[in-house]
1. From the alpha carbon gyration tensor of region 1-88, can you work out the equivalent ellipsoid semi-axes (sqrt of 5 times each eigenvalue) and give them in Å, largest to smallest?
2. Which one, LYS307, LYS81, LYS196, has the greatest fluctuation when you compute a Gaussian network model over the chain with C-alpha springs under 10 angstrom?
3. Given the Cα atoms of region 2-171, and with Rh set as the inverse mean 1/r over their pairs in the Kirkwood sense, what is Rg to Rh to two decimals?
4. Take the cross-link list LYS144/LYS234; LYS196/LYS236; LYS38/LYS78; LYS189/LYS220; LYS38/LYS72 and give me the ones stretching past 18 Å between alpha-carbons.
5. Give me the 1.4 Å probe accessible area per residue for region 232-315, excluding ligands and nucleic acids, in Å².
6. For region 177-365, report the translational diffusion coefficient in µm²/s to the nearest whole number, using Stokes-Einstein at 20 °C, 1.002 mPa s, and a Kirkwood Rh over Cα pairs.
7. What distance in nm separates the two pseudo spin-label positions at ASN299 and MET24, each 7 Å out from Cα along the beta-carbon direction?
8. To the nearest 0.05, what FRET efficiency results for ILE313 and GLU67 with a Förster distance of 51 Å applied to their C-beta separation?
Amino acid sequence: MRVIYACTKIRKYKIFINPDITNMFPELLRKNFSNASKIVLITSDKIFNIFKNRIRNILEGCSISNEIILIKDGEQYKNIKSVNDIYKKLSDFNIHRDDVVIAFGGGVIGDLAGFAAATYHRGVKLIQYPTTITGQVDSSIGGKVVINYSNYKNVIGCFYQPHMIIIDPVLLYSLDELQIINGLAEIIKYGIVFDKKILNILDENTEAESKDRLEKLIKKKVFTDIIYRCALIKTKVVRKDEFDYGYRNLLNFGHTIGHCIEKAANLKKVNHGQAVSMGMIIAIDISNKLGLLRREFKNRIIDIYKKLKLPFIIPKLELNNIMDSLEHDKKIKGSRNKFILLKGLNRPVFYYNVEKDIITGSISENMAKN
Ligand SMILES: NC(=O)c1ccc[n+]([C@@H]2O[C@H](COP(=O)([O-])OP(=O)(O)OC[C@H]3O[C@@H](n4cnc5c(N)ncnc54)[C@H](O)[C@@H]3O)[C@@H](O)[C@H]2O)c1
(Lines give C-alpha, C1' and ligand atoms only; values in the text may rest on other atoms or scores of the structure.)
Protein backbone atom coordinates (compact mmCIF):
# COMPACT_ATOMS: atom_id res chain seq x y z
CA MET A 1 0.00 0.00 0.00
CA ARG A 2 1.22 3.50 -0.83
CA VAL A 3 0.68 6.26 1.71
CA ILE A 4 1.32 9.97 1.19
CA TYR A 5 1.64 12.09 4.32
CA ALA A 6 0.07 15.45 3.54
CA CYS A 7 1.24 18.26 5.75
CA THR A 8 -0.77 21.47 5.59
CA LYS A 9 -1.21 24.46 7.86
CA ILE A 10 -4.76 23.36 8.63
CA ARG A 11 -3.89 19.74 9.44
CA LYS A 12 -1.81 16.66 8.66
CA TYR A 13 -3.57 13.76 7.01
CA LYS A 14 -2.90 10.57 5.07
CA ILE A 15 -3.66 9.66 1.46
CA PHE A 16 -3.99 5.89 1.02
CA ILE A 17 -3.52 4.57 -2.53
CA ASN A 18 -4.03 0.93 -3.39
CA PRO A 19 -6.13 -1.16 -5.79
CA ASP A 20 -9.05 -2.60 -3.81
CA ILE A 21 -8.22 -0.55 -0.72
CA THR A 22 -12.00 -0.23 -0.48
CA ASN A 23 -12.00 -3.65 1.24
CA MET A 24 -9.82 -2.20 4.00
CA PHE A 25 -11.89 0.92 4.50
CA PRO A 26 -13.81 -0.17 7.63
CA GLU A 27 -10.53 -0.92 9.39
CA LEU A 28 -9.05 2.47 8.37
CA LEU A 29 -12.16 4.25 9.58
CA ARG A 30 -12.13 2.51 12.97
CA LYS A 31 -8.42 3.25 13.47
CA ASN A 32 -8.52 6.91 12.45
CA PHE A 33 -11.97 8.11 13.52
CA SER A 34 -12.56 6.36 16.83
CA ASN A 35 -14.70 9.27 18.16
CA ALA A 36 -17.20 9.13 15.31
CA SER A 37 -20.64 7.85 16.15
CA LYS A 38 -22.12 8.30 12.64
CA ILE A 39 -21.00 8.30 9.04
CA VAL A 40 -22.75 9.98 6.14
CA LEU A 41 -21.79 9.07 2.59
CA ILE A 42 -22.62 11.70 -0.03
CA THR A 43 -22.68 10.69 -3.67
CA SER A 44 -24.70 11.19 -6.85
CA ASP A 45 -27.62 9.03 -7.98
CA LYS A 46 -25.57 7.87 -10.99
CA ILE A 47 -22.50 6.89 -8.96
CA PHE A 48 -24.69 5.17 -6.37
CA ASN A 49 -26.22 3.00 -9.10
CA ILE A 50 -22.78 1.94 -10.30
CA PHE A 51 -21.37 1.17 -6.83
CA LYS A 52 -24.50 0.25 -4.86
CA ASN A 53 -23.17 -3.04 -3.50
CA ARG A 54 -19.72 -1.74 -2.78
CA ILE A 55 -21.12 1.28 -0.93
CA ARG A 56 -23.40 -0.90 1.19
CA ASN A 57 -20.48 -3.22 2.02
CA ILE A 58 -18.28 -0.28 3.01
CA LEU A 59 -20.90 1.21 5.30
CA GLU A 60 -22.05 -2.04 6.88
CA GLY A 61 -18.42 -3.07 7.48
CA CYS A 62 -17.87 0.06 9.57
CA SER A 63 -20.47 -1.15 12.10
CA ILE A 64 -21.57 2.34 13.14
CA SER A 65 -24.75 4.17 12.33
CA ASN A 66 -24.72 5.37 8.72
CA GLU A 67 -26.73 7.36 6.20
CA ILE A 68 -26.50 8.02 2.47
CA ILE A 69 -27.26 11.36 0.82
CA LEU A 70 -27.92 11.28 -2.92
CA ILE A 71 -27.49 14.35 -5.13
CA LYS A 72 -28.56 14.58 -8.76
CA ASP A 73 -25.62 13.92 -11.07
CA GLY A 74 -23.93 16.78 -12.91
CA GLU A 75 -21.98 20.02 -12.68
CA GLN A 76 -25.25 22.02 -12.68
CA TYR A 77 -26.06 20.59 -9.22
CA LYS A 78 -22.81 21.85 -7.69
CA ASN A 79 -24.74 24.77 -6.23
CA ILE A 80 -26.11 26.33 -3.06
CA LYS A 81 -29.44 24.50 -3.41
CA SER A 82 -27.69 21.12 -3.16
CA VAL A 83 -25.63 22.40 -0.23
CA ASN A 84 -28.86 23.42 1.47
CA ASP A 85 -30.34 19.93 0.87
CA ILE A 86 -27.21 18.41 2.42
CA TYR A 87 -27.40 20.73 5.48
CA LYS A 88 -31.01 19.70 6.03
CA LYS A 89 -30.13 16.01 6.01
CA LEU A 90 -27.05 16.46 8.22
CA SER A 91 -29.30 18.25 10.66
CA ASP A 92 -32.02 15.54 10.44
CA PHE A 93 -29.33 12.91 11.08
CA ASN A 94 -28.07 14.91 14.08
CA ILE A 95 -24.49 14.98 12.80
CA HIS A 96 -21.81 16.30 15.19
CA ARG A 97 -18.31 17.56 14.64
CA ASP A 98 -16.63 14.18 15.27
CA ASP A 99 -18.92 12.41 12.83
CA VAL A 100 -17.64 11.64 9.36
CA VAL A 101 -18.78 12.82 5.93
CA ILE A 102 -17.51 10.75 3.01
CA ALA A 103 -17.46 12.50 -0.37
CA PHE A 104 -17.75 9.54 -2.74
CA GLY A 105 -17.55 10.58 -6.39
CA GLY A 106 -15.78 12.75 -8.95
CA GLY A 107 -14.71 16.37 -8.58
CA VAL A 108 -18.31 17.61 -8.46
CA ILE A 109 -19.20 15.52 -5.40
CA GLY A 110 -15.80 16.18 -3.81
CA ASP A 111 -16.31 19.95 -4.09
CA LEU A 112 -19.97 19.94 -3.07
CA ALA A 113 -19.82 17.49 -0.16
CA GLY A 114 -16.47 19.01 0.87
CA PHE A 115 -18.00 22.50 1.05
CA ALA A 116 -20.98 21.24 3.07
CA ALA A 117 -18.66 19.33 5.46
CA ALA A 118 -16.39 22.39 5.83
CA THR A 119 -19.23 24.70 6.80
CA TYR A 120 -21.66 22.51 8.75
CA HIS A 121 -20.91 22.98 12.48
CA ARG A 122 -17.88 24.99 11.23
CA GLY A 123 -16.40 21.73 9.98
CA VAL A 124 -17.08 18.04 10.48
CA LYS A 125 -14.66 15.20 9.68
CA LEU A 126 -14.21 14.77 5.93
CA ILE A 127 -12.99 11.79 3.92
CA GLN A 128 -12.47 12.36 0.22
CA TYR A 129 -13.11 9.13 -1.70
CA PRO A 130 -12.58 10.05 -5.36
CA THR A 131 -13.98 7.83 -8.14
CA THR A 132 -12.71 9.66 -11.25
CA ILE A 133 -9.14 10.12 -12.48
CA THR A 134 -9.46 13.91 -12.04
CA GLY A 135 -10.67 13.30 -8.49
CA GLN A 136 -7.83 10.90 -7.67
CA VAL A 137 -4.96 12.98 -9.07
CA ASP A 138 -6.25 16.48 -8.48
CA SER A 139 -9.54 17.68 -7.02
CA SER A 140 -9.66 15.54 -3.84
CA ILE A 141 -6.22 16.81 -2.77
CA GLY A 142 -5.47 20.32 -1.60
CA GLY A 143 -8.55 21.41 0.28
CA LYS A 144 -10.28 23.67 -2.23
CA VAL A 145 -13.99 23.05 -1.74
CA VAL A 146 -16.10 25.19 -4.03
CA ILE A 147 -19.52 25.53 -5.61
CA ASN A 148 -20.87 27.44 -8.60
CA TYR A 149 -22.98 30.56 -8.31
CA SER A 150 -25.39 31.57 -11.08
CA ASN A 151 -23.33 31.10 -14.26
CA TYR A 152 -20.03 31.54 -12.48
CA LYS A 153 -17.95 28.46 -11.84
CA ASN A 154 -16.28 27.82 -8.49
CA VAL A 155 -16.86 31.31 -7.04
CA ILE A 156 -18.15 30.33 -3.59
CA GLY A 157 -15.94 28.21 -1.39
CA CYS A 158 -13.18 27.90 1.13
CA PHE A 159 -10.08 25.92 1.99
CA TYR A 160 -10.86 22.85 4.06
CA GLN A 161 -8.33 20.04 4.10
CA PRO A 162 -9.81 16.54 4.29
CA HIS A 163 -8.99 14.30 7.26
CA MET A 164 -8.19 11.35 4.99
CA ILE A 165 -8.19 10.49 1.27
CA ILE A 166 -8.86 7.00 -0.04
CA ILE A 167 -7.71 6.32 -3.60
CA ASP A 168 -8.81 3.01 -5.11
CA PRO A 169 -7.83 2.79 -8.81
CA VAL A 170 -10.22 -0.16 -9.27
CA LEU A 171 -13.13 2.29 -8.95
CA LEU A 172 -12.01 3.85 -12.24
CA TYR A 173 -12.83 0.73 -14.29
CA SER A 174 -16.39 1.85 -14.95
CA LEU A 175 -15.36 5.21 -16.49
CA ASP A 176 -16.16 5.64 -20.17
CA GLU A 177 -13.52 6.67 -22.68
CA LEU A 178 -14.40 10.37 -22.63
CA GLN A 179 -14.08 10.48 -18.84
CA ILE A 180 -10.73 8.69 -19.05
CA ILE A 181 -9.48 11.23 -21.62
CA ASN A 182 -10.66 14.00 -19.30
CA GLY A 183 -8.49 12.65 -16.48
CA LEU A 184 -5.51 11.86 -18.71
CA ALA A 185 -5.35 15.54 -19.70
CA GLU A 186 -4.65 16.42 -16.04
CA ILE A 187 -2.06 13.64 -15.81
CA ILE A 188 -0.27 14.90 -18.95
CA LYS A 189 -0.24 18.36 -17.34
CA TYR A 190 1.70 16.96 -14.37
CA GLY A 191 4.07 15.22 -16.80
CA ILE A 192 4.77 18.39 -18.80
CA VAL A 193 5.03 20.82 -15.89
CA PHE A 194 6.55 18.75 -13.07
CA ASP A 195 7.62 15.17 -13.78
CA LYS A 196 8.68 13.99 -17.24
CA LYS A 197 8.85 10.37 -16.06
CA ILE A 198 5.03 10.39 -16.14
CA LEU A 199 5.14 11.03 -19.89
CA ASN A 200 7.61 8.18 -20.42
CA ILE A 201 5.53 5.74 -18.36
CA LEU A 202 2.36 6.68 -20.29
CA ASP A 203 4.18 6.36 -23.60
CA GLU A 204 5.71 2.97 -22.79
CA ASN A 205 2.50 1.49 -21.42
CA THR A 206 -0.03 2.53 -24.04
CA GLU A 207 -0.46 0.19 -27.01
CA ALA A 208 -0.70 2.54 -29.99
CA GLU A 209 -2.62 0.10 -32.21
CA SER A 210 -5.22 -1.12 -29.74
CA LYS A 211 -8.68 0.46 -29.99
CA ASP A 212 -9.47 0.03 -26.29
CA ARG A 213 -5.95 1.02 -25.22
CA LEU A 214 -7.15 3.58 -22.64
CA GLU A 215 -9.38 1.08 -20.83
CA LYS A 216 -6.39 -1.30 -20.81
CA LEU A 217 -4.01 1.39 -19.60
CA ILE A 218 -6.02 2.31 -16.49
CA LYS A 219 -6.21 -1.37 -15.50
CA LYS A 220 -2.43 -1.80 -15.57
CA LYS A 221 -0.51 -1.94 -12.30
CA VAL A 222 1.63 0.93 -13.50
CA PHE A 223 -1.41 3.23 -13.56
CA THR A 224 -1.45 3.12 -9.75
CA ASP A 225 2.17 4.39 -9.89
CA ILE A 226 1.06 7.22 -12.16
CA ILE A 227 -1.76 8.19 -9.79
CA TYR A 228 0.71 8.08 -6.89
CA ARG A 229 3.22 10.32 -8.70
CA CYS A 230 0.52 12.87 -9.55
CA ALA A 231 -1.01 12.83 -6.05
CA LEU A 232 2.47 13.34 -4.57
CA ILE A 233 3.12 16.33 -6.86
CA LYS A 234 -0.21 17.90 -5.94
CA THR A 235 0.49 17.37 -2.23
CA LYS A 236 3.92 19.02 -2.55
CA VAL A 237 2.56 21.97 -4.54
CA VAL A 238 -0.18 22.52 -1.95
CA ARG A 239 2.37 22.34 0.86
CA LYS A 240 4.37 25.15 -0.81
CA ASP A 241 1.37 27.38 -1.49
CA GLU A 242 -1.68 26.11 0.37
CA PHE A 243 -3.78 29.24 -0.14
CA ASP A 244 -2.98 29.76 -3.81
CA TYR A 245 -0.97 32.97 -3.70
CA GLY A 246 1.26 32.11 -6.67
CA TYR A 247 3.14 28.81 -7.02
CA ARG A 248 -0.03 26.67 -6.89
CA ASN A 249 -1.12 28.49 -10.04
CA LEU A 250 1.29 26.29 -12.00
CA LEU A 251 -1.41 23.62 -11.75
CA ASN A 252 -3.39 25.83 -14.15
CA PHE A 253 -1.04 25.16 -17.07
CA GLY A 254 -3.21 24.97 -20.19
CA HIS A 255 -6.24 26.27 -18.31
CA THR A 256 -6.03 29.96 -19.39
CA ILE A 257 -6.96 29.32 -23.02
CA GLY A 258 -8.60 26.01 -22.09
CA HIS A 259 -11.31 27.78 -20.08
CA CYS A 260 -11.91 30.20 -22.95
CA ILE A 261 -12.28 27.36 -25.46
CA GLU A 262 -14.68 25.61 -23.07
CA LYS A 263 -16.78 28.78 -22.75
CA ALA A 264 -16.66 29.66 -26.46
CA ALA A 265 -17.87 26.11 -27.22
CA ASN A 266 -20.64 26.80 -24.69
CA LEU A 267 -19.49 23.93 -22.45
CA LYS A 268 -21.19 21.42 -24.74
CA LYS A 269 -19.08 20.25 -27.65
CA VAL A 270 -15.85 20.36 -25.66
CA ASN A 271 -15.49 18.97 -22.14
CA HIS A 272 -13.05 20.33 -19.55
CA GLY A 273 -10.27 17.80 -20.16
CA GLN A 274 -10.43 18.23 -23.93
CA ALA A 275 -10.32 22.02 -23.54
CA VAL A 276 -7.30 21.80 -21.21
CA SER A 277 -5.57 19.49 -23.72
CA MET A 278 -6.00 22.10 -26.44
CA GLY A 279 -5.05 24.88 -24.01
CA MET A 280 -1.75 23.14 -23.24
CA ILE A 281 -0.97 22.95 -26.98
CA ILE A 282 -1.64 26.70 -27.30
CA ALA A 283 0.60 27.42 -24.28
CA ILE A 284 3.36 25.34 -25.91
CA ASP A 285 2.82 27.13 -29.22
CA ILE A 286 2.99 30.58 -27.59
CA SER A 287 6.17 29.53 -25.72
CA ASN A 288 7.60 28.57 -29.09
CA LYS A 289 6.60 31.86 -30.76
CA LEU A 290 8.22 33.80 -27.90
CA GLY A 291 11.45 31.89 -28.44
CA LEU A 292 11.25 30.08 -25.09
CA LEU A 293 10.84 26.57 -26.48
CA ARG A 294 12.02 24.55 -29.48
CA ARG A 295 9.58 23.47 -32.21
CA GLU A 296 10.28 19.73 -31.76
CA PHE A 297 8.84 19.88 -28.27
CA LYS A 298 5.30 20.36 -29.57
CA ASN A 299 5.68 17.42 -31.97
CA ARG A 300 6.78 15.14 -29.14
CA ILE A 301 3.78 16.13 -27.04
CA ILE A 302 1.41 15.65 -29.99
CA ASP A 303 2.75 12.10 -30.46
CA ILE A 304 1.83 11.31 -26.85
CA TYR A 305 -1.57 13.02 -27.30
CA LYS A 306 -2.29 10.79 -30.32
CA LYS A 307 -1.54 7.66 -28.31
CA LEU A 308 -3.80 8.82 -25.49
CA LYS A 309 -6.54 10.10 -27.82
CA LEU A 310 -6.28 13.66 -26.50
CA PRO A 311 -7.43 16.36 -28.93
CA PHE A 312 -4.79 18.83 -30.12
CA ILE A 313 -6.82 20.71 -32.79
CA ILE A 314 -9.43 23.23 -31.58
CA PRO A 315 -12.79 22.65 -33.29
CA LYS A 316 -13.92 25.51 -35.55
CA LEU A 317 -15.09 28.26 -33.18
CA GLU A 318 -15.37 32.05 -33.42
CA LEU A 319 -11.92 33.39 -32.60
CA ASN A 320 -13.57 36.55 -31.20
CA ASN A 321 -15.56 34.52 -28.69
CA ILE A 322 -12.39 32.88 -27.38
CA MET A 323 -10.64 36.25 -27.14
CA ASP A 324 -13.67 37.88 -25.42
CA SER A 325 -13.58 35.13 -22.86
CA LEU A 326 -9.89 35.75 -22.32
CA GLU A 327 -10.65 39.41 -21.59
CA HIS A 328 -13.02 38.35 -18.84
CA ASP A 329 -10.85 35.63 -17.50
CA LYS A 330 -10.31 35.98 -13.76
CA LYS A 331 -6.61 35.51 -14.28
CA ILE A 332 -6.38 38.86 -16.04
CA LYS A 333 -5.52 41.44 -13.45
CA GLY A 334 -5.88 45.05 -14.63
CA SER A 335 -4.74 45.22 -18.23
CA ARG A 336 -2.26 42.36 -17.91
CA ASN A 337 -2.79 38.84 -19.08
CA LYS A 338 -1.01 36.01 -17.34
CA PHE A 339 0.09 32.75 -18.93
CA ILE A 340 1.95 29.74 -17.66
CA LEU A 341 4.45 28.97 -20.39
CA LEU A 342 7.42 26.63 -20.75
CA LYS A 343 11.16 27.10 -21.17
CA GLY A 344 11.51 23.34 -21.57
CA LEU A 345 10.12 20.10 -20.21
CA ASN A 346 9.37 20.59 -16.48
CA ARG A 347 10.54 24.20 -16.74
CA PRO A 348 7.38 26.29 -16.33
CA VAL A 349 7.43 30.12 -16.18
CA PHE A 350 4.80 32.75 -15.44
CA TYR A 351 4.59 35.18 -18.35
CA TYR A 352 2.67 38.47 -18.38
CA ASN A 353 1.43 40.63 -21.25
CA VAL A 354 1.64 38.19 -24.14
CA GLU A 355 0.80 40.23 -27.25
CA LYS A 356 -2.67 39.72 -28.66
CA ASP A 357 -1.30 38.90 -32.14
CA ILE A 358 0.75 36.04 -30.75
CA ILE A 359 -2.26 34.60 -28.92
CA THR A 360 -4.64 34.90 -31.90
CA GLY A 361 -1.95 33.54 -34.23
CA SER A 362 -1.48 30.45 -32.06
CA ILE A 363 -5.21 29.84 -31.71
CA SER A 364 -5.93 30.21 -35.45
CA GLU A 365 -3.02 27.99 -36.47
CA ASN A 366 -4.27 25.24 -34.15
CA MET A 367 -7.94 25.49 -35.11
CA ALA A 368 -9.80 23.24 -37.57
CA LYS A 369 -10.44 25.04 -40.86
CA ASN A 370 -13.98 23.68 -41.30
N1 LIG B 1 -11.34 21.43 -5.87
C2 LIG B 1 -10.38 21.31 -6.76
O3 LIG B 1 -9.20 21.50 -6.48
C4 LIG B 1 -10.74 20.90 -8.17
C5 LIG B 1 -9.74 20.60 -9.10
C6 LIG B 1 -10.12 20.18 -10.37
C7 LIG B 1 -11.47 20.07 -10.70
N8 LIG B 1 -12.42 20.39 -9.78
C9 LIG B 1 -13.85 20.29 -10.09
O10 LIG B 1 -14.10 18.91 -10.37
C11 LIG B 1 -15.21 18.83 -11.26
C12 LIG B 1 -14.86 17.88 -12.38
O13 LIG B 1 -14.58 16.63 -11.81
P14 LIG B 1 -14.64 15.27 -12.64
O15 LIG B 1 -13.89 15.45 -13.89
O16 LIG B 1 -14.28 14.19 -11.71
O17 LIG B 1 -16.15 15.22 -13.09
P18 LIG B 1 -17.53 14.76 -12.37
O19 LIG B 1 -17.42 14.76 -10.92
O20 LIG B 1 -18.60 15.61 -13.00
O21 LIG B 1 -17.69 13.28 -12.92
C22 LIG B 1 -17.86 13.07 -14.30
C23 LIG B 1 -18.94 12.01 -14.55
O24 LIG B 1 -18.39 10.75 -14.19
C25 LIG B 1 -19.33 10.05 -13.36
N26 LIG B 1 -18.53 9.14 -12.55
C27 LIG B 1 -17.83 9.40 -11.43
N28 LIG B 1 -17.16 8.32 -11.03
C29 LIG B 1 -17.45 7.36 -11.91
C30 LIG B 1 -17.03 5.99 -12.05
N31 LIG B 1 -16.14 5.45 -11.24
N32 LIG B 1 -17.53 5.29 -13.10
C33 LIG B 1 -18.40 5.84 -13.98
N34 LIG B 1 -18.81 7.11 -13.91
C35 LIG B 1 -18.34 7.86 -12.89
C36 LIG B 1 -20.04 11.15 -12.62
O37 LIG B 1 -21.24 10.68 -12.12
C38 LIG B 1 -20.19 12.21 -13.70
O39 LIG B 1 -21.31 11.94 -14.49
C40 LIG B 1 -15.53 20.24 -11.71
O41 LIG B 1 -16.64 20.70 -11.01
C42 LIG B 1 -14.28 21.02 -11.32
O43 LIG B 1 -14.57 22.37 -11.05
C44 LIG B 1 -12.09 20.79 -8.52
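1. 24, 18, 15
2. Highest fluctuation of the listed residues: LYS81.
3. Values: Rg = 14.4 Å, Rh = 15.6 Å.
We get a ratio of 0.92 for region 2-171.
4. Over 18 Å Cα-Cα: LYS38/LYS78; LYS189/LYS220; LYS38/LYS72.
5. Numbers: 3460 Å² over 84 residues.
Dividing the accessible area of region 232-315 by its residue count gives 41 Å².
6. Values: Rh = 16.9 Å.
Roughly 127 µm²/s, to the nearest whole number.
7. Here the answer is 4.6 nm between the modelled labels.
8. On the way: r = 47 Å, r/R0 = 0.93.
It comes to 0.60.
The values are calculated or read from the model by the stated rules, or taken from the named source; none is laboratory data. Just so it is clear, the model here is predicted, and its values are computed rather than measured. Ideal geometry is used to build each Cβ from the backbone, glycine not excepted, and the neighbour counts take in all protein chains shown. These accessible areas exclude ligands, DNA and RNA; they are computed on the full protein's heavy atoms, side chains included. Shrake-Rupley method; radii C 1.70, N 1.55, O 1.52, S 1.80 Å.
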